[in-house]
Each structure stands twice: as structure tokens, then as C-alpha cells.
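The values are calculated or read from the model by the stated rules, or taken from the named source; none is laboratory data. Quick caveat: nothing in here was measured; it's all calculated off a predicted structure. Cβ sites come from the backbone with ideal geometry, for glycine too, and all protein chains shown count toward neighbours.
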Amino acid sequence: DQQVKQNSPSLSVQEGRISILNCDYTNSMFDYFLWYKKYPAEGPTFLISISSIKDKNEDGRFTVFLNKSAKHLSLHIVPSQPGDSAVYFCAASALMKTSYDKVIFGPGTSLSVIP
Amino acid sequence: KAGVTQTPRYLIKTRGQQVTLSCSPISGHRSVSWYQQTPGQGLQFLFEYFSETQRNKGNFPGRFSGRQFSNSRSEMNVSTLELGDSALYLCASSPGNSGGYNEQFFGPGTRLTVL
């Protein structure tokens, strides 16, 4: 039973347009959410995060939106660039409710940005 | 600062054998987590070690075990290998401090193929 779901295994977007990657979670205990990016032959790297006390966090071209009532978050990349082509993992943690941060990852969405 | 290193990078084993994977965390990091990545399943949490103690564990059978040494280096062992154990095994290190999110830094992974 996946607690973090990414229902789109892949996504193709034209360069310069917006990429929207979606993530749903089932565990209401989760209070901290993250996005990681992974290139082939490399480990995932942290991209952006959001705490449950916020509904939006922005870092340059990357914005994460959180809708707690729907248990849904999304990552927006604007404008999309070919170098953004990678697998994006959504992850969640019950940070405030545990003494340590066990992170649950989703299955990932492979983003292709077409020049 | 050197990143997380994992050895070996590639490994081929046959069913029934056992395997040991190694992870050297970033200097100063005391937490090491292990993940299994398979297509469609994303990153599945195996276990986390902090100061030589297993602090958290995922839902994997007892064939998967690990340990951490006093220098924070960690090893993961899989006994009686099965075909389904073929995956990318990722190690992540973090400071491991409680009270806030500790960003995880991933190694490049060990690609295990079981024949």
C-alpha cells in the first residue's frame, strides 16, 4: 500500500512551457514534503521542500504547492529547460510527530523537456 | 567535502548467494539510510542507522540486514538472494539530528543483478 503516489510515470513538456508534476499521499501524519530529482547513474538530489504549515514554497523556477485537505502536492517548473529532464520523486515525512525523519518516497515521474 | 560513496557500483550474483554493499557517508554525518529502487516502485526504505544503532526499519524480510561502524560507514547485507532482489540500492547520509528535517545526501547507488 503506497503512502505516497505519483500517478503519472512520465511527462513530456516543450522547452519554455510549464511542467506540473503531481503527488498524492494517504497518511495524514505527514507534515513535511520534499521533491528530489534524479539523473541516470546518479543518486537523487534534494530539490525543494514544504512544511504543512505552508501551502506554497518557491525557489527560483521551482514552486511546490500543498493542498492538505486534498492530501495533494504539486511541483511546478517554469520555464522548463532541457536540463530539467530527469526522474522526480515526491517524498513525505512525519517530521513533527517522530523524533527522526523517516522519509517515504513515491514511485517517481520521468520528465522529458523537449527542445 | 567528499560526497557519499558506495562500493561496488555494479554487482552480478546468482540466486542463493549473499552480497554485502558498502556506504561511506559525508564526513560528520551520523545517519545512514538504505533504499531499494526498482522500476515502478520508487525508493523503498530499508533501514536507517544512527550512531551504530538501527533507528528505523522498513518492511523488508530478515534476509536484508545492515550495520554501522564507529566511523559511520555502513554495510548492507542480503542473504539467499532472489531474482526479485535485482535493483539499485541507494545509500543516503544526513547529520541525523532530531528536531528538524535533515537533508539526505544520496550516493550513486550499487546496481545489483541477480541471475
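Considering only residues that are surrounded by fewer than 16 Cβ atoms within 10 Å (Cβ to Cβ) and assigned to a loop (DSSP other than H, G, I, E, B), which ones fall in the range B:6-38?
Once the filter is applied, which keeps residues that are surrounded by fewer than 16 Cβ atoms within 10 Å (Cβ to Cβ) and assigned to a loop (DSSP other than H, G, I, E, B), the range B:6-38 yields B:8, B:9, B:14, B:15, B:16, B:17, B:18, B:27, B:28.
Looking only at the range B:41-61, filter to residues that are under 28 Å from residue A:110 (Cβ atoms) and among the small types (Gly, Ala, Ser); which one of those is modelled with the lowest pLDDT?
Per the stated criteria, the residue is B:42.
How many residues does the range A:1-30 contain that are more than 16 Å from residue A:110 (Cβ to Cβ) and either of a type in the set (Gly, Ala, Ser) or surrounded by 18 or more Cβ atoms within 10 Å (Cβ to Cβ) (or both)?
The number of residues fulfilling the criteria is 6.
Considering each of A:19, A:93, A:28, A:49 in turn, give the residue that is within 29 Å of residue B:48 (Cα to Cα) and within 12 Å of the chain's Cα centre (by Cα).
Exactly one of A:19, A:93, A:28, A:49 is within 29 Å of residue B:48 (Cα to Cα) and within 12 Å of the chain's Cα centre (by Cα), namely A:49.
Taking into account only those residues within the range A:1-60 that are part of a loop (DSSP other than H, G, I, E, B) and of a type in the set (D, E, K, R), which is nearest to residue A:91 (Cα to Cα)?
A:31
So, in the range B:39-55, exactly how many residues are more than 9 Å from chain A (Cβ to nearest Cβ) and in a strand (DSSP E or B)?
So the answer is 5.
For the list (1) surrounded by fewer than 21 Cβ atoms within 10 Å (Cβ to Cβ); (2) within 14 Å of the chain's Cα centre (by Cα); (3) within 14 Å of another protein chain (Cβ to nearest Cβ), I need the number of the one condition that residue B:94 fails.
(1)
So if I check each of B:66, B:3, which one is in a loop (DSSP other than H, G, I, E, B) and either surrounded by 15 or more Cβ atoms within 10 Å (Cβ to Cβ) or touching a residue at least 24 places away in the same chain (Cβ under 8 Å) (or both)?
Of the residues listed, the single one that is in a loop (DSSP other than H, G, I, E, B) and either surrounded by 15 or more Cβ atoms within 10 Å (Cβ to Cβ) or touching a residue at least 24 places away in the same chain (Cβ under 8 Å) (or both) is B:3.
Take the range A:31-43 and flag every residue that is closer than 15 Å to residue A:67 by Cβ and over 12 Å from the mean Cα position of the chain (by Cα).
Correct list: A:31 only.
Which pairs do you get when a residue that is within 17 Å of residue A:8 (Cα to Cα) and surrounded by 19 or more Cβ atoms within 10 Å (Cβ to Cβ), found in the range A:65-77, comes within reach of a residue that is charged (D, E, K, R) and at pLDDT 95 or above, reach meaning Cβ atoms under 9 angstrom, with the pair 6+ apart or on two chains?
Pairs that qualify, where the first residue is within 17 Å of residue A:8 (Cα to Cα) and surrounded by 19 or more Cβ atoms within 10 Å (Cβ to Cβ) and the partner is charged (D, E, K, R) and at pLDDT 95 or above, are A:73/A:24; A:77/A:61; A:77/A:84.
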